Every structure is written in C-alpha cells, then in structure tokens.
Amino acid sequence: MEFRKTIAQLVFCAVLCTASTFSGCSRIDENISITTEILPDYTGGLLPDNGADTDIFTDGDISAEDISLPDNGTDNSRYIYSQLSDKEKEYYNIIRDAAYSFESSAIFPENVDPELMKKVFVAVYNQEEEIFWLSSVFYRPNEAADRLKLSYRFDREDIPEMQRRIDEVSDRIFSQFTEETTDYEKLKAFHDHIVLNCTFSKDTEFANTIYGCLADGYAQCEGYAFAFDYLCSLAGIDCFTVSGTNSEGSSHAWNIVRLEDMWYNVDCTWDDPILDPVDTEYLRHYYFLVSDSDISGVTHIPDNTYFSLPICSSGENYYKREGLYAQSADEGISMLSECAADALRAGKKDAGVRFADRQSYEKAITRLFDGHEIKKIITSANAVAERKVMTGRYVRYCNDVELIIHISMIFE
C-alpha cells in the first residue's frame, strides 16, 4: 500500500507554564532560557488534561538506527501545507525529519522567532499524525533561537512493534476493499471501524495517538481524529484534523475531509458516545459528512488562528447518500421502517432518518412515540429478520440540532 501523507491541522490554545513551576521544564542550552507550552489534550468535550509527557531526550539517548522517513510528500497541493510560506515549509520539514529520527532537537539554518517556531511545530505535530511518538510539549525559547527541543511519548525501541500493530489493523480494514470500492464507502468503513472498535478514554498513555485508537482500542478525541486522518492518508483521500472547542468552551478535535471535490466535517468521537450500560454494537452517523451549517459555530467552534479552513458543504451528506433524508413526516416514517428492516436483515439494530425541516421532524416524533407507530415498525422489521428484537423495548435518540430520529432496537 502506498503511504501517501495527507495534511492534518489542529490549532491549539496552549497552556503556558514557567520553568520554575513546571517540573518538566528544561533548557535548550546554557545560553537560552525556555518555557514549556503543553499543547492541550483534546478530550471530546472534556477539560484538557495538562499532564503531558515532558521527558527530554539528549543525543546520548539515541543509539538505535534511524527510523526511515516515508515518502509522505511536501507538495503544495495539500490544503494546510499550501498555506505555509516557503521558509515555514523549510522549518516544517526540518522538525518533521528530526522527529522521525528521534533527534533531541530540530536545528534550523538561522535563528527563528519563537511564535513562528510554535506555529510550525503545531502544524507538524498535528499534520504528521503517523509520528505518534512525538510529544505535544513545545519548549519555547524566550528569544529567537536556531533549535527546538523535542521530546517523545514512547521509547524508540518500542516503535517498530507499535507500528506493526497499527499496520495489522489498517491492513485488515483495507482488505475489505476492491477496485470498485468508492471513496465514500472507504470513508464510511473508516468511521464505522473506529466507532465500533475504539472506546473513549483519556486515561491511557496512548489516548492522543493513532496507536491508541487503532491498536490499543482506547483514545480521546485527538486520537480518534488522528486515526481517521491516518486511514484517509493511506487511501489517498484529502483529510485534516481541526481543533477548537465545543459549545461550552471545552477543547475538542474533529476532521474535515474532501469527497468528490466537496469538503465535509466528520467527528468520530461524537458518533461514539459513552453509553450506560455499554453498547458495543451501537452505531450512528450524526457527525459523518456534515456541513458547517450543521455544527460549525453551533456545537463545534473551530480555531483558525493559524490557517483558514474550507467551507464544508451541505450537499450530499450521509443521510442523503443513504436515502434517509425525509421531506415530510410520512416519508420519514416510511424510511425509518425500511431502514429498521434492512438493519435487522444485516444483523444490526440501529436505524435513523434525518428530516429536512423541524415541522416534519416534530410531527414524526409525535406519531412514532406518542402515537406508538414505532411498534409497527419494529414488528414489521422482525418479520424479515433471523435475529429478533423485542417489540416493546427500544432506545430512542432524537437529535434536535440536526433533526435526526434514531432508534436502537434491543435483541431478544
């Protein structure tokens, strides 16, 4: 499989700690005083965990053979990379190459302004998600300097085995594709695999990495977003990661992906809610291929401090592509009935439909749940299914923002 790197972008609101108060602070050399900025963990709506890894590697710590640098390209066609100046691209490549080789510092040909250094480091950290061992700690010089200290999450000797496990999962996902598989079908497969096989957690050392999401099975939103971006990169699909906050101001990360020359938002984390009791078969697509008008400035507030973002279309979203976008209550109820039957035929239990207007959405809710038409839908679906569900028990989820009615049926 050709390793083609696409650009991902996260813009962080960094936490600033002085060297005297942060135990992990160190010095680049005896002549440059530094502070430590910890890029916040993006927790899917929770407050960021600022306890980042602050170990510093020195040249003496590097004894293994350099990790080979994949041909991930630096062409100007990539969305975020193209917004860098030529000089910024040069610094970007220096930091990226140093991180691949586990160098203790990235060394520049001249002194670099600390804020510019931070901008480029943030771009590398978030756009090169396959360098999952790179720590998010940014060691900020107090004045222009010709080097940037780097630190790493994991021991170098552990990386080959970790990469092997990532490759194993990636190969398993890609093995289901044929030459006829469309990019839409690939994106849906990436989304569904992540949602069904990863559990939200910020309590592991892998939580903010592709390894956490794909191999360990536990991640928080940065890990979810990096993993989706990574799989898109392998498939040659343009994608990048966006950072910002939710509507309550808590940090969050998600993706923007290009499909058929249009851009869409994807949030695998929010499609994988924490349910009580736990439901490992629950699958939804509320935040898969959605427009800016659905979420931007509403539930997701992007930070575009460093880079501009594309406009995400309201065109062919998931529900339209799947024939589950209703113009009336009657049409929506009919679609939900068909979707429920199709789900049970496939051994699944979740069905949902999206409405074009609030009036139709609210009318359908009244008929389905107050008028009990939902029981007819489940009874009809049971008639075509081998694995039966209980007609009198189900879980309903109503998304008032996106006007989605979703039911999760309960197997007998």
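The values are calculated or read from the model by the stated rules, or taken from the named source; none is laboratory data. Everything quoted here is computed from the prediction, not taken from an experiment. FYI the Cβ positions are ideal-geometry reconstructions off the backbone, even for glycines, and counts take in every protein chain you see.
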(message) What pairs come out if I take residues in segment 365-380 that are farther than 15 Å from residue 353 by Cα and exposed (fewer than 15 other Cβ atoms within 10 Å of the Cβ) and pair them with residues that are at pLDDT below 95 and of a type in the set (Val, Ile, Thr) whose C-beta lies under 8 Å away, six or more apart or interchain?
(response) 375/391; 379/391
(request) Just name the residue that is farthest from residue 119 (Cα to Cα) out of those in segment 81-95 that are of a type in the set (A, V, I, L, M) and in a helix (DSSP H, G or I). (result) 94
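For (1) within 19 Å of the chain's Cα centre (by Cα); (2) in a loop (DSSP other than H, G, I, E, B), each residue gets a yes or a no:
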| site | (1), (2) |
| --- | --- |
| 99 | no, no |
| 109 | no, no |
| 116 | no, no |
| 119 | no, no |
| 125 | yes, no |
| 132 | yes, yes |
| 138 | no, no |
(request) May I ask you to verify whether residue 365 is among the β-branched types (Val, Ile, Thr), at pLDDT 95 or above, touching a strand residue (DSSP E or B) at 6+ places or on another chain (Cβ under 8 Å) and not in a helix (DSSP H, G or I)? (result) no
(message) Criterion first (aromatic (Phe, Trp, Tyr) and touching a Lys or Arg at 6+ places or on another chain (Cβ under 7 Å)) does residue 184 satisfy it?
(response) yes
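I need the full set of residues from segment 211-259 which are part of a helix (DSSP H, G or I) and among the hydroxyl-bearing types (Ser, Thr, Tyr), in order please. Steps first, please.
Residues of segment 211-259 part of a helix (DSSP H, G or I): 211-216, 221-235.
211, 224, 230, 233 - these are the residues of segment 211-259 that are part of a helix (DSSP H, G or I) and among the hydroxyl-bearing types (Ser, Thr, Tyr).
Residues in segment 190-210 that are part of a loop (DSSP other than H, G, I, E, B) and under 13 Å from the mean Cα position of the chain (by Cα): how many? Before you say what the answer is, go through the steps one by one.
We begin by selecting, within segment 190-210, every residue part of a loop (DSSP other than H, G, I, E, B); these are 198, 201-209.
Subset that is under 13 Å from the mean Cα position of the chain (by Cα): 198, 207-209.
Number satisfying all stated conditions: 4.
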(request) Considering (1) farther than 19 Å from residue 209 by Cα; (2) over 19 Å from the mean Cα position of the chain (by Cα), say which one residue 158 fails and leave the rest. (result) (1)
(request) Can you confirm whether segment 157-170 contains a residue that is touching a Cys at 6+ places or on another chain (Cβ under 7 Å) and touching a residue at least 24 places away in the same chain (Cβ under 8 Å)? (result) no
(request) Taking the options 257, 242, name whichever one is farther than 15 Å from residue 318 by Cα and surrounded by 24 or more Cβ atoms within 10 Å (Cβ to Cβ). (result) 242
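Can you find even one residue in segment 115-137 that is more than 20 Å from residue 226 (Cβ to Cβ) and surrounded by fewer than 21 Cβ atoms within 10 Å (Cβ to Cβ)? Even if it seems obvious, please write down each step before you answer.
In the first step, residues of segment 115-137 are kept if they are more than 20 Å from residue 226 (Cβ to Cβ); the result is 115-117.
With surrounded by fewer than 21 Cβ atoms within 10 Å (Cβ to Cβ) added as a condition, the list becomes 115-116.
Yes, segment 115-137 contains at least one residue that is more than 20 Å from residue 226 (Cβ to Cβ) and surrounded by fewer than 21 Cβ atoms within 10 Å (Cβ to Cβ).
Can we say residue 326 is at pLDDT 95 or above, under 31 Å from the mean Cα position of the chain (by Cα) and at negative phi? Before the answer, list the steps.
On the way: at pLDDT 95 or above: yes; under 31 Å from the mean Cα position of the chain (by Cα): yes; at negative phi: yes.
Yes, satisfied.
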(message) Whether any residue in segment 176-189 is under 15 Å from the mean Cα position of the chain (by Cα), at pLDDT 95 or above and crowded, with 23+ Cβ neighbours inside 10 Å is what I want to check.
(response) yes
(request) Would you point out which residue out of 143, 168, 161, 157 is outside any helix (DSSP H, G or I) and surrounded by fewer than 14 Cβ atoms within 10 Å (Cβ to Cβ)? (result) 143
(request) For segment 265-324, name all the residues that are of a type in the set (A, V, I, L, M), crowded, with 19+ Cβ neighbours inside 10 Å and not in a loop (DSSP other than H, G, I, E, B). (result) 266, 289, 290, 295
